[in-house]
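Below: one structure, written as structure tokens.
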Amino acid sequence: MEWKNMLPYQFEAALKEGQICVLPVGSLERHGEHIPYGCDGGIAEKVAVEAAKRTPAVVFPTYYFGQVHEAAMHRGAVNFPAEMLTAHLKMLLDQIAYNGFKKILIINGHGGNRFYLQFLEKTLLDAKRNYCLYIVDTDSVLNDEEREAVSRIYETKDGHAGETETSMCMAAMPGCVDLSRQKFPEPIHRMGRMDGLKGIYTGYYFNADWSEGVSGSPSLASEEKGKAVMEIVVNATARAIRTVQEDQEIPKLQAEILEKCRNMEEGV
């Protein structure tokens, strides 16, 4: 169920059943001219809510304030300093745990959040906390068979705001996509402005390929494709929720690590 819609007795029942809390995370950023700013969070929320119907879990309201430094030059992006991002999300996780959840699963819908969220979890490894954090992306939960099924639905393998993401957004946020606003000549090819820097990282890698944040052929998108892929992703995410709920190793490992940290502090 969705946290915001629950009554106290339902909340207490979910805790007694050992349900985990699922936190959809997205961003507010431009996806060309045809996709709403909240696309990433909207997709993550749809996946989380539907998956929680199949494997019971409590879904926290979607967290839209992700890392979008690479998109901050476009109107509509909401981007906070790194120290504020990490501090605020950590406080939110603490509050979710304070309310009784021992396991929290983040479902990330924004590619720009991937390393930020992984870094946040790394910084928590030696923190005194009473919850375990797990992180998945909306596509990382798919097995090989499911990936093959998805590849048969789409005509291309484009990325940001292309056929795939546009289709998913159509399924997750009906009526919010307007393909008539897609004005860039298709297919939209990567510019490759960092190709001369093989093996060298800079934070401009996304902008070096996609100056307008759009790739591939958005016009090939359809709500039908999005719904078909959404069904596959939701099933895979429900499986991931069940896996996290049943996991016993990470709580044990976390307890071992924190015990070693305490021993170090006490000079044992």
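The values are calculated or read from the model by the stated rules, or taken from the named source; none is laboratory data. Owing to the predicted nature of the structure, the values given are computational and were not obtained by experimental measurement. Here the Cβ positions follow ideal geometry from the backbone for every residue, glycine too, while neighbour counts run over all protein chains shown.
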Scope the range 154-168; condition in a helix (DSSP H, G or I) and either modelled with pLDDT under 95 or over 18 Å from the mean Cα position of the chain (by Cα) (or both); matching residues
Glu163
Hey, Gly41 hits all of (1) out of contact with any helix residue (DSSP H, G or I) (no Cβ under 9 Å at 6 or more places or on another chain); (2) of a type outside the set (Ser, Thr, Tyr); (3) more than 18 Å from Gly159 (Cβ to Cβ) but one; which does it fall short on?
(3)
Filter the range 40-77 for residues that are basic (Lys, Arg) and part of a helix (DSSP H, G or I); the one that is nearest to Met230 (Cα to Cα) is Lys46
If I go through the range 125-153 residue by residue, how many of them are of a type in the set (Val, Ile, Thr) and part of a loop (DSSP other than H, G, I, E, B)?
2
Within the range 26-56, work out how many residues are farther than 22 Å from Phe80 by Cβ and either at pLDDT below 95 or in contact with a Phe, Trp or Tyr (Cβ under 9 Å, 6 or more places away or on another chain) (or both).
3
Considering Phe206, Phe184, which residue is touching a residue at least 24 places away in the same chain (Cβ under 8 Å), under 21 Å from His74 (Cβ atoms) and part of a helix (DSSP H, G or I)?
Phe206
Enumerate the pairs (first residue in the range 242-267 and in a helix (DSSP H, G or I); second residue anywhere and at pLDDT below 95 and not polar (S, T, N, Q)) with beta-carbon separation below 6 Å, excluding pairs fewer than 6 apart on the same chain, so at least 6 apart or on different chains.
Cys261/Asp126
